[in-house]
1. Per 0.36 nm of contour for each residue apart, how much would the distance between A16 and V4 grow if the chain were fully extended, relative to their Cα-Cα spacing?
2. Working with all protein chains in place, sort R87, R398 by solvent-accessible area computed with a 1.4 Å probe, largest first.
3. Take each of the peptides 48-55, 224-231, average the number of other beta-carbon atoms within 10 Å over its residues, and list them starting from the highest.
4. Once label points are set 7 Å from the Cα along Cα→Cβ at both R242 and S419, what is their separation, rounded to one decimal in nm?
5. For Cα pairs less than 8 Å apart in space and 6+ apart in sequence, what is the mean separation divided by the residue count of the range 351-419, i.e. the relative contact order in percent?
6. Tally Lys/Arg at +1 and Asp/Glu at -1 over every other residue whose Cβ is under 15 Å from the Cβ of C385; what's the total?
7. For A412 and E58, FRET efficiency with R0 = 51 Å and r from the beta-carbon atoms, rounded to 0.05?
8. So what are the ³J(HN,Hα) numbers for the range 396-410, from phi and the Karplus equation (6.51, -1.76, 1.60; θ = phi - 60°), rounded to whole Hz, Gly and Pro as x?
Amino acid sequence: MTAVLSVAAVFAVMLAGIRLKLGLGLSILAGSLVLALLFGLSPLDWARAVPGALLTEEAFILCAIIAVILAFSALYSASGQSARFMRAIRGRVRSRSLLLVFFPALIGLLPMPGGAIFSAPMVQKAAEELDVTPRDQTLINYWFRHLWELAWPLYPGLILASSLAGIPVTGLVALMWPGPVVTAFLGWIFILRPALRHAPRLQAPSADGEVDSGWSGGIPLFTAILGSIAGEWLCATLWPGRAMEYGVIAALILACAVSLVMARARWSEVLREAGKDNTMSLLAVVGAIFIFKEILHQGHVVDALAEAIGGGNAVFIMAATLPFLVGFVSGITIAFVGATFPLLFGLAQSTGQAHLIPAVLSLGFYSGLAGIMASPMHICYLMTCKYFHQDPGKLLPRILVPGLMLIPAGAAVTWLMTS
């Protein structure tokens with residue numbers, strides 16, 4: 001079996017595991033074992049690779065940062081501070097388009113699994129004044145909830161890509177910042193504009209004391225956002241030998257503390273509610289990804305694959321297809337990043353094209369986002385359809401068009417950003 005067919009078989013195993021609901025972590029782990037066997041490693045070799053993959057500072061940092069991100073998201077939601085902040089925003093909004101997209105976009109700043117269900121009631125409330133159909137409300141909530149997926153530094157997928165590529169998160173954001181602009185433009189063309197074609201004008205927003213007091217609910221969020229940026233800068237300046245992600249971890253821990261302090265007497269109730277979130281499954285996925293990456297290295301997979309396909313533009317063809325496929329089947333960003341990016345980056349290095357890794361990463365991200373947005377398995381899509389009582393199968397064609405458009409749009413933006 002050639003290297004190409006072997007890798008195809010590995011991805012088939014992972015995708016089958018995802019479809020059979022074995023769990024993302026277990027599916028990637030099974031794929032790594034099959035990969036080891038197909039490239040000359042024994043089951044014992046695979047087992048020996050596990051400690052080397054997991055007992056590293058890189059793995060520790062990534063697990064820690066994902067854990068504190070999810071903890072902050074849970075605390076911020078459970079304390080009610082996010083809801084108060086959103087009510088304050090509503091009291092000042094006059095634009096019809098902004099009113100509908102603001103709440104899912106704001107929730108999108110927090111990488112909560114299934115977070116679209118949090119913004120759905122707010123979109124529904126806003127749509128009452130605008131005569132927007134439940135079908136369009138579903139599309140708006142789902143699409144704009146993922147507006148920041150390509151460039152927001154708190155997303156685990158972006159952090160994982162940064163780690164795998166060896167590019168600082170700030171450098172990755174500098175590369176991917178057009179992503180939200182492209183996503184917003186496609187959403188406006190294909191979703192928002194048709195929904196507002198016959199919408200009436202908004203009534204004047206309120207300006208009462210409740211609105212003014214609600215602005216304090218944004219303090220924990222801005223602590224996380226600005227603190228993460230400042231933390232990375234401080235680490236790079238004061239401790240240049242250490243990973244900048246330690247600054248992000250410190251900022252998110254501070255944001256958690258701020259959220260708890262602002263909850264006052266309700267802190268125990270907030271902790272109990274936030275504790276319902278299960279982060280262990282996501283951390284298991286991260287561990288499986290690092291094992292997969294280690295097997296790629298020990299099995300010399302990318303060298304064999306590079307020799308088989310001959311380099312050239314093949315890495316870009318794979319970057320435009322593999323992340324889309326994994327994203328479409330899994331509906332999870334961290335799945336296509338973890339399953340395909342190590343392979344793509346290794347292939348670029350083995351073919352003497354390491355300088356193209358930023359372009360490969362960028363195109364792969366757009367392709368993967370296209371896959372997860374068009375995926376019928378995406379939990380946000382399924383939960384939004386359920387909330388608005390829409391048939392996921394009938395609504396999917398409306399998402400497929402803007403979703404697929406992300407690939408050519410991303411290819412164009414990638415060429416502009418890296419040429």
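The values are calculated or read from the model by the stated rules, or taken from the named source; none is laboratory data. Note that this is a predicted model, so its numbers are computed, not measured. Backbone-built Cβ (ideal geometry, glycine too); neighbour counts: all protein chains shown. All accessible areas refer to the heavy atoms of the entire protein, side chains included, with ligands and DNA or RNA removed. Shrake-Rupley method; radii C 1.70, N 1.55, O 1.52, S 1.80 Å.
1. Extra length available between A16 and V4 comes to 2.5 nm.
2. R87, R398
3. So the peptides 48-55, 224-231, ranked by packing, come out 224-231, 48-55.
4. The modelled label-to-label distance comes out at 4.3 nm.
5. 48
6. That works out to +3.
7. The value I calculate is 0.95.
8. Computed from phi, the couplings for the range 396-410 are 4, x, 5, 8, 4, 5, x, x, 5, 5, 4, 5, x, 5, x Hz.
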